[in-house]
Structure formats: C-alpha cells, structure tokens
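Data block below; observations after.
Any read-out appearing in this document is the output of simple, stated calculations on the displayed coordinates, not a laboratory observation. Values in this document were obtained by computation on a predicted structure and should not be read as measured data. Cβ placement follows ideal geometry from the backbone for every residue including glycine, while neighbour counts extend to all protein chains displayed.
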Amino acid sequence: MQKIVIFPFLRMRSGHHLVAEAIAERLQGPGIEVKEVELLSTISPFAEWVTSKFYLNWIRHFSNGYSRFYHQHIAGRSSNARSTGWTSHYFQQQMLRIIRTEQPDVIICTHAFPSYLLNQLKERNLCDVPVINAYTDLFVSRVWGKTHIEYHLLPNREARQELHEHHAVPIERLFVTGIPVHPAIAGGSIFRSTQSRKQILVAGGNGGLGQLETLLTQIEQCPEADFHVLCGKNQTLYKRLASRRHPHIHPLTYIDSRDEMNQLYERMDAIVTKPGGVTVSEAFEKRVPLFIQHVLPGQEEINRTYLMEKGLAFAFHQTDTLADVIRRTLENPDVMHAWQQAVTQYQNDRVMADQRFFAERIAGCLQDRRRKVNE
C-alpha cells in the first residue's frame with residue numbers, strides 16, 4: 001500500500017481544502033491510500049481555532065491593514081523563504097513528527113506554509129519524501145517552498161516563468177496544470193443556453209464575507225434575470241432571503257456535493273463572485289463568464305488583477321446596474337467572443353490536467369522514493 005499525504009492549512013473550508021479533495025479524488029485507486037492532514041490542528045486544536053478566528057476578524061475588520069501586510073510580507077518576488085528563528089524550528093520539528101507518524105510515500109501541499117516547512121527540512125537533508133506543490137491562486141507567493149520541491153503544479157505560464165527564471169527551479173519540475181478542480185466539474189460548452197431569462201449564480205455569502213448588501217439591493221431591482229444565491233453555511237443570510245419570497249431570487253444552502261455543483265454550473269449564464277482560485281478555475285472549466293464584484297484583501301486582490309489584465313473576467317462596480325452589466329456583456333456577441341478566446345488561451349496553456357497526468361507525476365515520485373529507499 002502506497003500512502004499519499006495532502007497538507008492543506010486550517011480546518012475552515014477554503015480553496016486549499018477543495019484542491020486537496022480534487023487531487024485526492026483523482027488519485028483514489030487500488031493500492032493507494034490518500035489522507036489529508038491539517039498541520040496546526042494536529043499540533044494543537046486550540047491554536048488552530050484561535051488562528052482561524054484571528055484571521056477572519058483581521059480581514060473583516062482591518063482589511064486595509066491585512067492587505068498592506070500581505071503585499072509587503074507574503075506576495076511579490078523574493079528569494080526562497082528562509083528559516084526565521086525558533087518558531088520556524090518548532091514547526092519544522094512538528095512536521096518531522098507528523099512525517100514519522102504518517103510515513104507517507106508522497107506529500108502534496110495545497111498551502112504555502114506546509115510547503116515552506118518541508119522545503120526547509122529538505123534543505124537540511126531531514127526529509128527525503130517527494131513533495132508536490134499544488135497552487136491554489138493565480139500567482140506564487142514568497143512563502144511557498146520552491147527550490148527543493150520535486151514538482152510544482154502551477155496555475156499559469158507566468159508562474160512557471162517566475163519559478164524558472166527567478167528561482168532557478170528546473171523546467172522539468174514545472175507543470176502548468178491550472179488550479180486543480182474536482183473531476184465531477186466536467187468541461188462545459190463554449191455556447192451557453194438560449195433561454196430567454198438569464199440565470200446568474202451569486203457566490204461569496206458563506207460566513208458573511210463579501211459586500212453582499214449592495215449587491216442584493218441591485219438584484220432586487222433587476223427583473224431581467226433569475227439569481228441563485230449561494231449562502232454557504234450562512235443561515236442568517238439564507239433565512240433572510242427565503243423569508244422575502246422574491247420571485248427571481250433563489251437562496252441556496254451549503255452545497256457539499258461536487259456533482260450537484262456541476263449541475264448548477266450547467267444551468268448558469270454567469271457567476272458574480274469573489275476571485276478565489278478554485279471558483280475561477282471551475283468557472284473556466286464550465287465556460288461560465290465571471291463578474292468580480294468584491295475581493296477579500298490579500299491574494300484575491302492579486303487574482304483580480306491577473307484576471308482583468310488577461311481579459312478573463314469582467315469588473316462589476318457598485319455604480320453599475322446589473323441590467324446594464326448584462327446588456328453590455330452577456331448580450332454582446334463581440335464581448336463574449338473575446339472572453340471565450342481569452343479563456344481558451346488560458347486553458348490551452350495547461351499540460352494534460354486529467355487523472356492520467358496526476359497518476360504519472362505520482363508514479364514518478366513513488367519510483368524515486370522506492371529507489372532512494374533501496375539505495
């Protein structure tokens with residue numbers, strides 16, 4: 001039995017967990033055990049809870065401060081992150097303890113912090129387990145481990161160029177796969193439905209994050225389309241919308257099934273959302289136009305900049321009316337054609353991103369692992 005351990009970070013649901021689940025689903029098979037391990041809660045559940053609460057309160061109540069911190073200390077180009085004192089040493093020792101307990105044959109990181117720790121351990125020759133980075137945003141932050149990681153599953157060609165030219169990572173370790181999505185999110189048609197009323201998916205309501213209040217007012221004043229609002233686990237938002245019984249607003253509770261999400265995507269003409277990496281990749285896979293209405297501070301700001309520069313998404317400003325946005329984009333053939341071309345170019349940059357590709361990379365890592373063990 002070969003064991004693959006996937007490291008997201010923190011237990012709250014995020015793109016790191018969705019990518020971990022997408023990869024795990026692709027790797028399931030006879031003779032392979034896939035296990036997710038959350039580093040911080042394994043060390044201390046209380047510390048993980050405090051960290052999650054601190055992060056959420058920081059971005060909710062001090063978003064400008066978090067944005068400045070992120071751009072100064074996390075985003076942007078730098079040399080490979082170096083060890084920074086006793087805290088780094090402590091977490092490296094805890095990572096070693098987990099590796100000895102789990103005894104994985106391959107490790108996959110969907111968050112920068114575990115990748116950083118493993119890169120440090122490898123630099124010190126304390127870890128010989130092959131490690132794969134699976135990136136969850138449209139750029140590579142300075143925290144990710146780079147130089148000693150065996151393979152990098154990258155979101156785009158710019159990220160590959162960054163690692164190769166500025167961090168001297170060999171090109172044969174770099175693969176543009178896009179951000180991994182669940183196999184249930186099957187490819188979509190270039191041509192959307194011809195239904196008379198547009199169907200719009202509104203995401204970003206989970207946990208109360210996102211500036212939904214202004215958007216909901218806009219929705220109520222736009223009878224030209226039906227709006228399906230993903231409320232996530234935000235029961236307050238769901239009950240509020242359901243109690244109004246608005247004829248063209250349809251609140252949806254948390255959807256755990258990726259098959260159900262795939263069916264929902266199939267019916268949509270557009271998505272109004274925040275630019276999280278997984279949502280963006282699922283929209284590309286389904287060929288559903290993206291409207292960016294709000295961003296969380298930090299990585300989503302950088303994702304938005306990339307999307308807008310590449311023509312992969314549309315800006316939705318608070319001064320716009322939804323009716324005007326629909327008319328000048330979804331009902332404009334020239335605009336839709338340009339967007340389809342941009343998405344096609346983005347998708348064509350990828351290497352084979354299906355189950356065979358992941359199986360081949362994992363098989364290569366397992367062979368390397370067996371060879372080192374037998375030496």
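Compactness ratio of the chain: Cα Rg over 2.2 N^0.38 Å, N = residue count?
That works out to 1.01 for the chain.
Treat every Asp and Glu Cβ in the stretch 245-346 as -1 and every Lys and Arg Cβ as +1, leave all other atoms uncharged, and give the resulting dipole magnitude about the Cα centre to the nearest 20 debye.
So the magnitude is around 120 debye.
Taking the Cα centre of the chain as origin and charging only Cβ (+1 Lys, Arg; -1 Asp, Glu), how large is the dipole, in debye to the nearest 20?
620 debye
If you average the sequence gap of Cα pairs under 8 Å that are 6 or more apart and divide by the length of the stretch 198-348, what percent do you get for the contact order?
21 percent
Check the stretch 198-348 and count each lysine pair with an alpha-carbon distance under 19 angstrom, considering only pairs eight or more places apart or from different chains.
5
Using a Gaussian network for the chain with springs between C-alpha atoms less than 10 Å apart, which of these wobbles most: 288, 50, 272?
50
For the chain, find the longest principal axis of its Cα atoms and tell me its angle to the long axis of helix 235-244, 0 to 90°, nearest 10.
Helix 235-244 sits roughly 10 degrees off the main axis of the chain.
What are the ³J(HN,Hα) values, in whole Hz, obtained from phi via the Karplus relation 6.51 cos²θ - 1.76 cosθ + 1.60 with θ = phi - 60°, for each residue of the stretch 159-171 in sequence order, with x given for Gly and Pro?
5, 4, 4, 4, 5, 6, 7, 10, 10, 6, 6, x, 4
Report for the chain the percent antiparallel among DSSP-assigned beta bridges with both residues inside it, nearest 5.
Roughly 5 percent of the DSSP beta bridges within the chain come out antiparallel.
Need one number: nm distance between label points at residue 1 and residue 329, each 7 Å from Cα along Cα→Cβ, rounded to one decimal.
4.8 nm
Read phi for every residue in the stretch 150-155 and hand back ³J(HN,Hα) as whole Hz from Karplus 6.51 cos²θ - 1.76 cosθ + 1.60, θ = phi - 60°, with x for Gly and Pro.
5, 9, 10, 9, 9, x
Rounding to the nearest 10 and keeping the result within 0 to 90°, find how far the Cα-based axis of helix 45-61 lies from the longest principal axis of the chain.
The answer is roughly 40 degrees.
Per residue Cα convex hull volume for the stretch 82-172, in cubic angstrom?
Residue-normalised Cα hull volume stands at 90 Å³.
With θ set to phi - 60° and the Karplus curve 6.51 cos²θ - 1.76 cosθ + 1.60, what are the ³J(HN,Hα) couplings of the stretch 266-280 in order, to the nearest whole Hz, using x for Gly and Pro?
Result, rounded to whole Hz: 4, 8, 8, 9, 6, 10, 9, 7, 8, x, x, x, 5, 4, 4.
Counting each DSSP H run of 4 or more residues in the chain as -39500 (n - 2.57), what helix-only mean residue ellipticity at 222 nm follows after dividing by all residues, to the nearest 500 deg cm²/dmol?
Theoretical 222 nm ellipticity from helices: -15000 deg cm²/dmol.
List the residues whose amide H sits under 5 Å from the amide H of residue 272, counting only those 5 or more places along or on another chain, with H placed 1.01 Å from N in the peptide plane.
Under 5 Å from the amide H of residue 272 lie the amide H atoms of 201, 202, 203, 291, each far enough along the sequence or on another chain.
Please list log₁₀ I(q)/I(0) at q = 0.12, 0.14 Å⁻¹ for the stretch 198-348, using the Debye equation with identical point scatterers on the alpha-carbon positions.
Values, matching the q order: -0.47, -0.65.
Angle, helix 15-27 long axis vs. longest principal axis of the chain, Cα atoms, 0 to 90°, nearest 10?
70 degrees
Would you mind checking which residues have amide H under 5 Å from residue 34's amide H? H placed 1.01 Å from N; only 5 or more apart, or other chain.
4
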